[in-house]
Amino acid sequence: MPLLETVDLSKSFGGLRAISNLNINIEAGSIHGLIGPNGSGKSTFFNLVTGVYQPDPGSKIIFNGHDITKSASHDIGALGIARTFQLLRLFSEMTVLQNLMVGYHTHVPYGFMSTIFNNSAVVKKDAETKSEMMELLELIGMADYADMPASELSGGQRRLVALGRAMAMRPKLLMLDEPAAGLSPVNVDNLLSIVMALKQRFGLTVLIVEHILKVVMETCDTVTVLDYGEKIGEGSPDAVKDDHAVIEAYLGQEMDDDEVRKAFNS
Amino acid sequence: MTAIYSIFGRISETIEKLAAIHRLLPWILAFALLLPLPQILSALFNDYYIYLANKICIFILLSVGLNIVKGFCGQVTVGHVGLYAIGAVSSALISLHFGWSFWLAFPIGILAAGLAGIVVGLPSVRLEGAYLALATLGLGESVRIMIAVTPLFGSSTGLLSIPAPTIGSFTFDSYTNYYYLVLAAAMIGIYLSFSILRSATGRAFMAVREDTVAAAVHGVNVTKYKLLAFVISALYAGAAGGLFAHMPPGYIHHNNFTIIEMVTLLLMIVLGGIGHIWGGIIGAIIVTIIYDQTLEFYFYQPLLFGLTMVLIVIFMPRGIGGMIDRYLATKKFIASQEEKSNAAS
Ligand SMILES: Nc1ncnc2c1ncn2[C@@H]1O[C@H](COP(=O)(O)OP(=O)(O)O)[C@@H](O)[C@H]1O
Ligand SMILES: [Mg+2]
């Protein structure tokens, strides 16, 4: 049984069909790539799965046996789906550590009333959470910046914090929306090795949207290709690479075979 | 400037050290230190300043409450004064008409304000920014107008002879005596705000303020936390209102709850630093004093305070508290980096 399954998933914005009858299965434990040209619906897919957008009637999203089609974002998060945003959406005026602590929100072991009537227990629990989050910050190499406001970090550091905040949710499924956008090649490699390490350590399933095709080809077990909100190809990276429909849609018809090969390998 | 910073640095270090011994120790010590303030004020200046100390404590409660909903949760509200009025009128009426003791009337007034806080908060589920400001302004002003036109609530004469609280034979009927009550209330209010804001609840509030979509995706029930922030801040406003009503001479009038008071309140948290607990308290102290010293220019106060607020937003967007915080954080970061390079070499 797949960890995440969408059945006839659709989303229209006015007349525009951003996602069209999409059936995707993401197998537990896999790294699943989602690629497609700009505007093909990748981020919309993320927003549908995480409850940010409501799907059109007739759609169905099932996660780990739960029908989450109509669930609220915070309930979906609590079930074990974490995501990053293409534009990060960090809590800018909060510190790095606080960003992660919010990620941990659904696991907080006390309620509002104990903050007033049993505050010493709250302080103790928070201290435990803090050290757990510090361990996570060590893993992503951001422990030195724990007390810095997120707004004061560089672009690459902000990407790492977004990843850390998602990981603080202790998710089953981690969805990354262009996590390496704007990073230098060295930082791309660093980020990928961190993702792989996290996957190993926490037994994650990963869904990754990425423009750098080399990344997708090297890391993914399965790749789904979107174009105009429709699935136009799916399979192992090698199979997708040789799929003519994919090559045409994704890279345009004018490229010859050599150029295509180059694009996928560089 | 650095001198001021380092004073705050020193104070916060001392507080941390005391708190390490026992959590409540800094609070008890601060309370003990502030207890003889009326005697000091009357010896150094005159008794008017004891009244001002009372007012500062009440406005601290208002400011701390407003800071929770506006500063921490990011919800624009111009209805806070209305909730303050509800707390004041409820508590006053209950003791005037039923003859109930302050100790019953006061909590009922707080609860009444808390319930009204849900109503003021409901628009926040759908509205943001200027629209939310208008909705809450409407609710707050309608409370004041209701008081102004209803004889039972005092209308144009106000409510008079609201009884002073008593404990046994001790009566809080002078500004010096009443100060002990409002000081205790302000300290408890500050303490509770720390407890709430330095917990998952406070972090959820801030996440809602920063980005509702990201907050929701990370498991924060945005609607629940918005309403919770409104209700908590309303409870603070209700407490401030009740304390104001029973303060000598036990008189309240709808003119105490106007948009001018609301602007004053907003200025407190803007000056102190939006979302900064201590900043809001410092802001309350400074602005209450300025407000009282400029009372003869009553009609110009909204303009004066509004302009000051705009200037602060432009030139000092993090307020006093934010500046101090940033200074301390930078210092800490530099120290930790130096420690590292020392260890390495
Ligand atoms: N909130 C929205 N309102 C209207 N149109 C939207 C919205 N979100 C996305 N779209 C449209 O849906 C299409 C897919 O967008 P998106 O999912 O962001 O693409 P991708 O992430 O693959 O680049 C685009 O045409 C985009 O303009
Ligand atoms: Mg996108």
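Values computed for the structure shown
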| quantity | calculated |
| --- | --- |
| Chymotrypsin sites (Phe, Trp or Tyr not before Pro) within the range B:28-61, DSSP loop, no more than 11 other Cβ atoms inside 10 Å | B:Phe45 |
| Amide hydrogen neighbours beyond the local backbone of B:Gln75, cut-off 5 Å, H modeled | B:Lys70 |
| DSSP beta bridge pairing in the protein assembly as shown, given as percent antiparallel to the nearest 5 | 60 percent |
| Dipole moment magnitude, nearest 20 debye, the range A:109-176 about Cα centre, only Lys, Arg, Asp, Glu C-beta charged | 320 debye |
| Whole-Å semi-axes of chain A's equivalent ellipsoid (Cα gyration tensor) | 34, 22, 15 |
| Label-point separation in nm, B:Leu37 to A:Asp147, each point 7 Å along Cα→Cβ | 2.9 nm |
| Rough spin-label spacing in nm, given labels placed 7 Å along Cα→Cβ, for A:Ile116 and B:Arg326 | 3.5 nm |
| Label-point separation in nm, B:His22 to A:Ser154, each point 7 Å along Cα→Cβ | 4.9 nm |
| Two-site FRET efficiency, B:Thr157 against B:Ile289, from Cβ-Cβ distance with R₀ of 41 Å, rounded to 0.05 | 0.90 |
| Alpha carbon Rg of the range B:257-303, scaled by the compact-globule rule 2.2 N^0.38 Å | 1.11 |
| Sequence-separation-based contact order of chain B, relative, with Cα cut under 8 Å and 6+ spacing, percent | 27 percent |
| Nearest 10 degrees, 0 to 90: helix A:185-202 Cα axis against chain A principal axis | 70 degrees |
| Convex hull projection area averaged over all views, the range B:8-78, Cα basis, nm² | 6.8 nm² |
| Long-range HN-HN contacts of A:Ala28 with modeled amide H, under 5 Å | A:Leu3 |
| Solvent-accessible surface ranking, highest first, for A:Asp242, A:Asp177 at 1.4 angstrom | A:Asp242, A:Asp177 |
| Inter-part distance where the range A:60-103 and the range B:185-229 are each reduced to a Cα centre, Å | 17 Å |
| Separation of alpha-carbon centers, the range B:24-94 and the range B:292-339, rounded to whole Å | 20 Å |
| Two-site FRET efficiency, A:Lys124 against A:Gln54, from Cβ-Cβ distance with R₀ of 45 Å, rounded to 0.05 | 0.65 |
| Note, ³J(HN,Hα) from phi for the range B:213-230, Karplus 6.51, -1.76, 1.60, rounded to Hz, x at Gly and Pro | 5, 5, 4, 4, 4, 8, x, 8, 6, 4, 4, 4, 6, 4, 5, 4, 4, 4 |
| Mean Cα-pair separation over length for chain A, i.e. relative contact order, pairs under 8 Å, 6 or more apart, % | 26 percent |
| Cβ-based net charge around A:Leu136, under 12 Å, with every Lys or Arg adding one and every Asp or Glu removing one | +1 |
| Three semi-axes of the equivalent ellipsoid, the range B:258-335, Cα gyration tensor, whole Å, largest first | 28, 11, 9 |
| Amide H contacts under 5 Å for A:Gly33, placed H, 5+ residues apart | A:Ile208, A:Asp221, A:Thr222, A:Val223, A:Thr224 |
| Gaussian network model of chain A, Cα within-10 Å springs - most flexible of A:Leu153, A:Leu97, A:Leu16 | A:Leu16 |
| Volume per residue of the C-alpha convex hull in chain B, rounded to whole Å³ | 164 Å³ |
| Summed residue charge, Cβ within 12 Å of A:Gly77's Cβ, Lys/Arg positive, Asp/Glu negative | +3 |
| Cα-based helix-to-principal-axis angle, B:301-315 vs chain B, degrees rounded to 10 | 10 degrees |
| For A:90-99, mean number of other protein chain Cβ atoms within 10 Å | 4 |
| Cα centroid separation - the range B:126-147 against the range A:1-49, whole Å | 42 Å |
| Rounded to 10°, Cα long-axis angle of helix A:119-139 versus longest principal axis of chain A | 40 degrees |
| R0 of 35 Å, Cβ-Cβ distance A:His66-A:Leu87: FRET efficiency to nearest 0.05 | 0.80 |
| Average Cα contact separation per residue, the range B:144-231, under 8 Å, 6 or more apart, as relative contact order % | 11 percent |
| Mean projection area, nm², convex hull over Cα of the protein assembly as shown | 33.3 nm² |
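The values are calculated or read from the model by the stated rules, or taken from the named source; none is laboratory data. What you see is a predicted model; the values in this text were computed from it and never measured. Here Cβ is always computed from backbone atoms with ideal geometry, including for glycine, and neighbour counts include all displayed protein chains. Accessible surface is based on the protein model in full, side chains and every heavy atom, while ligands, DNA and RNA are left aside. Shrake-Rupley method; radii C 1.70, N 1.55, O 1.52, S 1.80 Å.
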